[in-house]
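**Q** Please find one structure pasted underneath; my questions will follow.
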Amino acid sequence: MTEFARVADHLPTMFAGLAQRGVQVTGAPFFRYRLVDMADEMVVEAGIPVTGPVQVEPPDFVDRLPAGRYATVTHVGHPDQLMGVTARLLDWAQRRGLSWDMTPTPTGERWSARLEILMTNPAEQPDMHKWETVLLFKLAD
């Protein structure tokens, strides 16, 4: 988490590249947590939803989010509070007997879709305490 900005810093370049090619963006940018080990390292991707297939140059890539049921919560406030919001969402699902589309591995939890969607544009709202973030975690089938 200490180097999370390295992922977020790619978003402006990604938006610029899509705009240069005339690709229509269809939603808010997001982070997709692929592998989660809060005590060690995580694998996190930055994503931007688009209307269809797009040609990109490595290291960029195109992927689809899996269909299915998702649990979601919206947070308005500083991103530093998201760890607590995430813990409450995980606890909420556990209390209801819901299972995540996630596989425990020796290197962490491998998620099919664990998203953090950035609903607020920081250029338009610099006050991080007013940012809106949606957590969207895929439930097991």
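The values are calculated or read from the model by the stated rules, or taken from the named source; none is laboratory data. Keep in mind that this is a model prediction, so the values were computed, not measured. Here the Cβ positions follow ideal geometry from the backbone for every residue, glycine too, while neighbour counts run over all protein chains shown. Please note that ligands, DNA and RNA were not included when accessible areas were found on the heavy atoms of the full protein model with its side chains. Shrake-Rupley method; radii C 1.70, N 1.55, O 1.52, S 1.80 Å.
**Q** Scaled to the compact-protein estimate 2.2 N^0.38 Å, what is the alpha-carbon radius of gyration of the chain, rounded to two decimal places?
**A** Details: Rg = 15.5 Å, N = 141, 2.2 N^0.38 = 14.4 Å.
Scaled against compact globular proteins, the figure is 1.08.
**Q** Taking region 1-79, how much of its Cα-Cα pair set, in percent, is spaced more than 17 angstrom apart?
**A** Working: 1707 of 3081 pairs.
Of the Cα pairs, 55 percent sit more than 17 Å apart.
**Q** Would you please put 33-44, 111-122 in order of how densely packed they are, using the mean number of other Cβ atoms within 10 angstrom per residue and starting with the highest?
**A** Values: 33-44: 14.3, 111-122: 17.6.
Packing order, densest peptide first, comes out as 111-122, 33-44.
**Q** Report the FRET efficiency, 1/(1 + (r/R0)^6), for Leu90 and Asp40, where r is their Cβ-Cβ distance and R0 is 25 Å, rounded to 0.05.
**A** Details: r = 18 Å, r/R0 = 0.73.
Efficiency computed from Cβ-Cβ geometry: 0.85.
**Q** Can you check what the net charge comes to around Arg21, using other residues whose Cβ is under 14 Å from the Cβ of Arg21 (Lys, Arg +1; Asp, Glu -1)? Can you show the working numbers first?
**A** Working: positive: none; negative: Glu57, Asp60.
Taking every Cβ under 14 Å from that of Arg21, the sum is -2.
**Q** Against the empirical 2.2 N^0.38 Å scaling, what ratio does the C-alpha Rg of region 48-130 come to?
**A** On the way: Rg = 15.9 Å, N = 83, 2.2 N^0.38 = 11.8 Å.
The reported ratio for this selection is 1.35.
**Q** Okay, next question. Of the candidates Ala71, Ala16, Ala46, which one comes out as most mobile in a Gaussian network treatment of the chain with C-alpha springs shorter than 10 Å?
**A** Greatest mean-square fluctuation among the candidates belongs to Ala16.
**Q** With a probe of 1.4 Å, find how much accessible area the chain has per residue, and write the answer as a whole number in Å². Walk me through the numbers before you get to the answer.
**A** Values: 9140 Å² over 141 residues.
Averaged over the residues of the chain, the accessible area is 65 Å².
**Q** Could you look at region 12-141 and say what percent of its accessible area is carbon and sulfur, using a 1.4 Å probe and all protein chains?
**A** On the way: 4410 of 8240 Å².
With neighbouring chains kept in place, the figure for region 12-141 is 54 percent.
**Q** Out of residues 5 or more away from Val44 or on other chains, whose amide H comes under 5 Å of its own, with H placed 1.01 Å from N in the peptide plane?
**A** Counting only residues 5 or more places away or on other chains, the set is Arg34.
**Q** Using +1 at the C-beta of Lys and Arg and -1 at the C-beta of Asp and Glu, which of His129, Leu118, Met102 has the Cα lying farthest in the positive direction of the dipole of region 84-141?
**A** Of the listed residues, the answer is Met102.
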